[in-house]
Amino acid sequence: MSGALARDAAAQQRAALIADALAGLSAHPKTLPCKWLYDAEGARLFEEITRLPEYYPTRTETKILTEQAAAIAAAIGPGAAVVEFGPGDGAKGALLMAGLQDPAAYVPVDIAPEWLEGAASRVAVARPGLPVLPVVADFTQGFALPKRLGAAPRLGFFPGSTIGNFEPAEAVAFLSRAHGTLGRGARMLLGADLVKEAAVLEAAYDDAAGVTAAFNLNLLRRLNREAGADFALTAFRHRAVWNDRLERIEMHLVSRQAQRARLAGREIRFAEGETIHTESSHKYRPDRLAALAGAAGWRAAAMWTDPAGLFSVWLLEG
Ligand code: AVI
């Protein structure tokens, strides 16, 4: 990206952050979209979270992909063109691609080109000679696939239980849009975290080392830096709570006291104990996940899990 284009993109991003923050912080209850958790520091903290002893999803999904690699490859068959939605550091993409029979191509899709470079080179190392065709696009929206894929059977790959960060209706919309992007006859390999005891879930989202707390509070630091806000970081604390009715973990920032903050020239008031809801991480029961996929036009063809039943990896057919 040229310097001018990068500055334009940064200005647009900042305007969108301010608009979301003003809307979310004037709502009742207050809320902020979780996508804003991922500035450079947020992305770094999230990587650290994935290695925490309490945060089982990454480790468990990786174990399923490793131990079930042969079964997954057999179910997918030869020649697949794999389209990964938001590849992160590419570790899971590399793992999947290494096990597949004769894949046709790997297509990592992300709005942030810097993420794509890392993922692309990781997969290139895992599978030398494989065409790697990165696409810069917002993967939550429709986008065009590279023409070079030709008629190769398409496999979407959406690991990490990122599907859980969507509201269920948004998850259906995403899965159905992905279906449209991948085309008729496509399949999708999807990672989804499963419902389990509240204590295990709450520990995973409120670790003893305080990394998840730092990840959540970093959102206020970002608003101070990019949205002209003046939040006092020590005046808020992190809370992770299991919402049993909605079967989701919620992350909140709790105001320790009655206070006011300014953001983009506007005043925002907080009562003592009032919260900003910053993220939901929905957990699924297998039947609910199958129904959600079904509502988006997919049929569950196979599901792999770990012996403790913590996490699930699904093969969906279009
Ligand atoms: C990215 N996403 C799947 C993570 C999750 O588990 O919902 C984000 C996260 N938030 C706190 N810890 C991890």
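The values are calculated or read from the model by the stated rules, or taken from the named source; none is laboratory data. These numbers come from a predicted model, not from an experiment. Cβ: placed from backbone, ideal geometry, glycine included. Neighbour counts: every protein chain shown. The accessibility values were calculated without ligands, DNA or RNA, using every heavy atom of the protein model including side chains. Shrake-Rupley method; radii C 1.70, N 1.55, O 1.52, S 1.80 Å.
Remarks
- As a fraction of the 1.4 Å probe accessible area of region 11-89, surface on carbon and sulfur atoms comes out at 60 percent.
- Residue-count net charge about Ala302 - beta-carbon cut-off 11 Å; Lys, Arg +1, Asp, Glu -1: +1
- Counting only residues at least eight positions apart within a chain, or on another chain, the lysines with an alpha carbon under 23 Å from that of Lys196 are Lys63, Lys283.
- With contacts taken as Cα pairs under 8 Å at a separation of at least 6 residues, region 178-318 carries a relative contact order of 30 percent.
- Relative contact order of region 10-109, pairs being alpha-carbon contacts under 8 Å that are 6 or more residues apart, as %: 20
- Evaluated with a Cβ-only charge set (Lys, Arg +1; Asp, Glu -1), region 137-277 carries a dipole of roughly 700 debye about its Cα centre, given to the nearest 20.
- Accessible surface, 1.4 Å probe, highest first, among residues Thr278, Thr305, Thr181: Thr305, Thr181, Thr278
- Over region 138-294, all Cα pairs binned in 5 Å intervals from 0 give whole-percent P(r) values of 2, 8, 14, 16, 14, 13, 12, 10, 7, 3, 1, 0, 0, listed from short to long.
- Coil-residue trypsin sites (Lys or Arg not before Pro) of region 29-96, DSSP, other Cβ within 10 Å capped at 16: Arg51
- Annotation: lysines with alpha-carbon distance below 30 angstrom to Lys147 (same-chain offsets under eight excluded): Lys35, Lys92.
- Of the DSSP H helices in the chain, those whose Cα atoms cover at least 27 Å axially and whose Kyte score averages -0.5 or more: 3-25
- Across all directions, the average flat footprint of the convex hull enclosing the Cα atoms of the chain is 16.4 nm².
- Alpha-carbon spread of region 45-104, three principal axes, descending order, Å: 36, 21, 13
- Percent RCO, i.e. relative contact order, over region 25-171, from Cα pairs under 8 Å lying at least 6 residues apart: 22
- Annotation: average projected area of region 211-269 is 4.7 square nanometres, based on the convex hull of Cα atoms across all directions.
- Of all DSSP bridge pairs formed entirely within the chain, close to 65 percent run antiparallel.
- Kirkwood Rh and Cα Rg combined as Rg over Rh, evaluated for region 170-230: 1.18
- Here the spin labels are modelled as points 7 Å beyond Cα on the Cα-Cβ line, and at Ala6 and Lys147 they lie 3.0 nm apart.
- The chain - mean residue ellipticity at 222 nm from DSSP helices (-39,500 (n - 2.57) per run, n ≥ 4, rounded to 500): -12000 deg cm²/dmol
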